[in-house]
Amino acid sequence: MIRAALPSDEAAWRELWKAYCDFYGTRLPEEVTNRTWKRILDPDAQVMCIVAEVEGQVYGFANCVVHEATWETQAICYLEDLFVRTEARGRGLGAALIEWLRNAMRAEGWARLYWMTKQDNAQARRLYDRFTTADDFVRYVIRQK
């Protein structure tokens, strides 16, 4: 079952979030994790999270940001983080999370749903290629030091 994250999902989400950050080789300050979770639960925030639950256990999540855009008249949804527990992969949970968002796009009237992944993330790209093809944009990032 795919559903919106609930306050009772915090421990499961934090465990998955840590595994997701480990997968990408990053360590985030606890204040970032705390703020992200707080925004997920805030109905006025642009951040939202859906979870994949099977028999009462959360096995995956998708964190998204719904925002305005300059090239659209409707809001768009950026799928920022998608993660499914290693032992639960191959069961269709990642696809179900994306499909839920695709249905939400239609229901909410978002102009588009978009995401990115590392070029060498072959397993994720096999899933994503089932929904759409990658475009030819290159990302540039400037960070505040």
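The values are calculated or read from the model by the stated rules, or taken from the named source; none is laboratory data. As the structure is a computational prediction, the values presented were derived from the model and not from experiment. Virtual Cβ from ideal backbone geometry, glycine too; neighbours counted across all protein chains shown.
What do you reckon, is Ala62 aliphatic (A, V, I, L, M), closer than 19 Å to Lys118 by Cβ and surrounded by 12 or more Cβ atoms within 10 Å (Cβ to Cβ)? Answer is yes for this residue. Within region 111-140, being of a type in the set (Val, Ile, Thr) and either closer than 17 Å to Gly92 by Cα or exposed (fewer than 10 other Cβ atoms within 10 Å of the Cβ) (or both) holds for Thr132, Thr133, Val138.
Of the residues contained in region 42-49, none is found to be farther than 25 Å from Ala11 by Cβ and either touching a His at 6+ places or on another chain (Cβ under 6 Å) or buried (at least 19 other Cβ atoms within 10 Å of the Cβ) (or both). Of note, Ala62 does not satisfy the criterion of being touching a residue at least 60 places away in the same chain (Cβ under 8 Å) and either under 27 Å from Arg91 (Cα atoms) or hydrophobic (A, V, I, L, M, F, W, C) (or both). Kindly indicate whether Tyr59 is under 18 Å from Ala124 (Cβ atoms), outside any helix (DSSP H, G or I), at pLDDT 95 or above and out of contact with any Pro (no Cβ under 9 Å at 6 or more places or on another chain). Yes: the conditions hold for Tyr59.
In region 92-137, the qualifying residues are those that are assigned to a loop (DSSP other than H, G, I, E, B) and at pLDDT 95 or above, and the one that is nearest to Glu53 (Cα to Cα) is Gly92.
Residue pairs whose Cβ atoms lie under 9 Å apart, separated by 6 or more positions or on different chains, with the first residue in region 20-48 and assigned to a loop (DSSP other than H, G, I, E, B) and the second at pLDDT 95 or above and polar (S, T, N, Q), are Leu28/Thr36.
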